[in-house]
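The values are calculated or read from the model by the stated rules, or taken from the named source; none is laboratory data. As the structure is a prediction and not an experimental result, all values here were calculated from the model. Here the Cβ positions follow ideal geometry from the backbone for every residue, glycine too, while neighbour counts run over all protein chains shown. Just so you know, the surface numbers come from the protein's heavy atoms only, side chains and all, with ligands and any DNA or RNA stripped out. Shrake-Rupley method; radii C 1.70, N 1.55, O 1.52, S 1.80 Å.
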Amino acid sequence: MPLPATAQPPDDSLGRVLGEYREMPGLSLTAAQAARLWGVQLHDADGILRQLVTTGFLTRTSTGAYVMTRA
């Protein structure tokens with residue numbers, strides 16, 4: 001069954017998140033804020049953000065916000 005036009009497969013969501021952080025390096029979002037911004041479920045946003053922490057692209061701050069890791 002095809003996805004509705006408003007739904008995005010996980011790979012598209014991951015690419016979108018990478019693009020947003022690259023375009024706005026100072027972006028600082030909690031998982032809940034990210035879910036609202038990108039129109040995905042909270043557990044999906046949390047999974048994407050955690051995956052990007054694992055790869056070293058993002059860092060989670062002590063306040064729970066996700067920011068781009070500084071080189």
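Some points to look at:
- The set of residues from region 32-67 being part of a helix (DSSP H, G or I), small (Gly, Ala, Ser) and either open to solvent by 40 Å² or more (accessible area, probe 1.4 Å) or in contact with a Cys (Cβ under 7 Å, 6 or more places away or on another chain) (or both) comprises just one member, Ala32.
- Odd one out for Arg70, checked against (1) at pLDDT 95 or above; (2) open to solvent by 80 Å² or more (accessible area, probe 1.4 Å): (1)
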